Amino acid sequence: MNNYKRHRTERNLVGIFFLTASVISICIRFMPQDVLFRIVDANMLLSTAISELMILIPALLMLLIWFFIQMKWESEDEEYSAVRISDRLMYRSARPASILMTFLYTLTISPLITLCNLITTLFVDNTVLEYSSEILDMSFPVAVITIAVIPPLCEEFVFRGFVYGGYRRACRPAGSILMSAFLFGLIHGNINQFAYAFIIGIAMALLAEATGSIWPTILMHFLINIRSVAAMYLLDYLDNGIFEEILESGLNTDMNSTLITIAIYAVLSVLTTLMAGAILSWISGHEGRSNPLKTFAANRTFKTSRLSVFSIPLVIGILISVAYMIEVEILYAMQ
């Protein structure tokens, strides 16, 4: 069996994973509403764990299938050596300086994330803000575990480890980065989170490529999420009930002030994103790896890898997820 067929198998397993995760996720969300409300109202930590398991279990299953397929290839071909799971998932240590620079990288990419969030809230609701009451009902340590610990650990394993780690071995780097980020956005199930999760996904895939490890992306994901949690609790402490007042008065404030804020963040985002690019270049050099921005622009990492990221299962999964996301936004608009 040649490398092309092996790479195609690896790519197709990613597509099957996303199709499976999309179907499971939508089936769960279409459960009778009273059942869902009981789960969410009873324990948001449990609800988060269930949501993460819906993507984690299919990824683990596809990883197990890939492992046994590799064993078969190795037994049939003496020249083939099975890839270690740690390499497949990009589980390697990063240098301490790179970990420290991840804090600065996250800080410089944050204005761009905020800009995307602001732009989408011109058209749709801020999803995280709508769940603020449920979050604030938890103690701060439980909220941190629910929002800033469980999702980063699970989602980075899945989307930067399994998805991007598989695509980068089989497909062109530009497509691998963009598609892994696109799927990461889609799995959130709404337009607001999709927009900024897509940007976050690109930034974290680049960071994973710069370090060869998903541990810095786990840290980056944690920092982004805990910032939101800390801001909620801080504002609630300073002005009790502020989130309820915002929700009651409506999320869309004065249009002129919103547009001015967006313009300010747009200018700031240009400057800080350029800084983030410089930081990423430093990290890759410090790790002794190729600059992922140059690799992205040249669209080549593995010279023998020329596959498209698209597969039939992937396209079906994307269509299902997009249709569901559109339906959710239509239902919210009708309420």
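The values are calculated or read from the model by the stated rules, or taken from the named source; none is laboratory data. Keep in mind the model is a prediction, meaning the values are calculated, not measured. We place every Cβ from the backbone using ideal geometry, glycine too, and count neighbours over all the protein chains shown. These accessible areas exclude ligands, DNA and RNA; they are computed on the full protein's heavy atoms, side chains included. Shrake-Rupley method; radii C 1.70, N 1.55, O 1.52, S 1.80 Å.
Summary table below
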read-out	value
Residue 129 vs. criteria surrounded by fewer than 20 Cβ atoms within 10 Å (Cβ to Cβ), out of contact with any Ser or Thr (no Cβ under 6 Å at 6 or more places or on another chain) and over 26 Å from residue 50 (Cα atoms)	no
Where a residue in the stretch 1-12 is touching a residue at least 12 places away in the same chain (Cβ under 8 Å) and closer than 13 Å to residue 314 by Cα and its partner, wherever it lies, is hydroxyl-bearing (Ser, Thr, Tyr) and open to solvent by less than 50 Å² (accessible area, probe 1.4 Å), with Cβ under 7 Å and at least six apart	11/167; 11/311; 12/311
Residue within the stretch 166-187 that is in contact (Cβ under 8 Å) with a residue 24 or more places away in the chain, open to solvent by 10 Å² or more (accessible area, probe 1.4 Å) and over 23 Å from residue 295 (Cα atoms) present	yes
